[in-house]
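The values are calculated or read from the model by the stated rules, or taken from the named source; none is laboratory data. The structure presented is a predicted model; accordingly, all values stated were derived computationally and were not measured. A quick note on method: Cβ atoms are made from the backbone with ideal geometry, for glycine too, and the neighbour counts reach across all protein chains shown.
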Amino acid sequence: MRTPRNDQLSQTDRAGKRGQHAPERRCVVTGDVAPAGRLVRLALGPDGAIAPDVLGKAPGRGAWIGVDRDALEAAQAKGKLKGGLARALQDSAFTIPDDLGARIEAQLARATLDRLGLEARGGMLILGSERIEDAARRGQVRLLLHAQDAGEDGRKKLAQAWRVGEDHEGSGREGTVLPVDRYTLSMALGRENAVHLGVTDARAADRVLAHLSRWQFFTGWFRDAANRVSDQDSRTAGNGMASREPDTDSPVSDAY
């Protein structure tokens, strides 16, 4: 018997259903506002250097960006990033590393792989083509992921099973190909030969997507991203920012 779908909601959506407001921040490059969970925080370290803080846990002052790596590096080259940071931090006595974009990308990748490792240890992931196919056809797979070097035939077979289980036959929906090979993915999960992954819990899928969508957007490979979110969520995440003014009772900040 097929398990009824349990579509996950983003943290922002869940907060809205509870009548709460997700904290919002302003991008220092574009000036646009979006939920903090969709942006990347830059922290001012005690040595006066700007460093990525993708988990948003570093102490002290920080500011936020909601652009991809190409746009960030262009803004950095033109001095626009430094100006935006100076206004947000109310301080100009800081340095920006030349490889800031590469550091952010590395942190986003690490955060996503660490999240997958945690979900694997929590029993929220299944591996192996046969197990995933069976669960997918039963409607029990919330998110389908593949290593970069996974075979095309295997990806298509699992995607078809996923569409059947989700009642989306003919939609063209496919799993997401991660920009890491099976060796890197296996190391992150502590498993052998991790090629295909099925996330079986809706909240776990939501947690993974929170990291994955930022990584995809920043590196420019969003085209395969977040098949489990709604079309509207995909457009919002794909643009990186919400093109609107903040709600009057929703907290918005350039820095904290």
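Residues checked against (1) within 17 Å of residue 192 (Cα to Cα); (2) touching a Phe, Trp or Tyr at 6+ places or on another chain (Cβ under 8 Å); (3) among the acidic types (Asp, Glu); (4) assigned by TED's automatic domain parsing to the domain that holds residue 205:
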{"position": "113", "(1), (2), (3), (4)": "yes, no, no, yes"}
{"position": "117", "(1), (2), (3), (4)": "yes, no, no, yes"}
{"position": "120", "(1), (2), (3), (4)": "yes, no, no, yes"}
{"position": "123", "(1), (2), (3), (4)": "yes, no, no, yes"}
{"position": "132", "(1), (2), (3), (4)": "yes, no, no, yes"}
{"position": "135", "(1), (2), (3), (4)": "no, no, no, yes"}
{"position": "138", "(1), (2), (3), (4)": "no, no, no, yes"}
{"position": "143", "(1), (2), (3), (4)": "no, no, no, yes"}
{"position": "152", "(1), (2), (3), (4)": "no, no, yes, yes"}
Discussion item. Can you tell me how many residues within segment 90-107 are modelled with pLDDT of 95 or more and touching a Leu at 6+ places or on another chain (Cβ under 9 Å)?
Written reply: 6
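Mind listing whichever residues of segment 50-69 are in contact (Cβ under 8 Å) with a residue 60 or more places away in the chain and out of contact with any strand residue (DSSP E or B) (no Cβ under 7 Å at 6 or more places or on another chain)?
Step one: list which residues in segment 50-69 are in contact (Cβ under 8 Å) with a residue 60 or more places away in the chain, which gives 54, 61-64, 66-69.
Hits for segment 50-69 are 68, 69.
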Item to complete: Have a look at 72, 113, 100, 89 and point out the one that is in contact (Cβ under 8 Å) with a residue 12 or more places away in the chain and over 22 Å from the mean Cα position of the chain (by Cα).
Response: 89
Fill in: Count of residues meeting criterion [assigned to a helix (DSSP H, G or I), in contact (Cβ under 8 Å) with a residue 60 or more places away in the chain and of a type outside the set (Lys, Arg)] in segment 158-216
16
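For segment 108-126, which residues satisfy the criterion of being out of contact with any Leu (no Cβ under 7 Å at 6 or more places or on another chain) and more than 23 Å from residue 41 (Cα to Cα)? Even if it seems obvious, please write down each step before you answer.
Looking only at segment 108-126, we keep the residues that are out of contact with any Leu (no Cβ under 7 Å at 6 or more places or on another chain), and these are 108-110, 113-115, 118, 121-124, 126.
121, 122, 123, 124, 126 - these are the residues of segment 108-126 that are out of contact with any Leu (no Cβ under 7 Å at 6 or more places or on another chain) and more than 23 Å from residue 41 (Cα to Cα).
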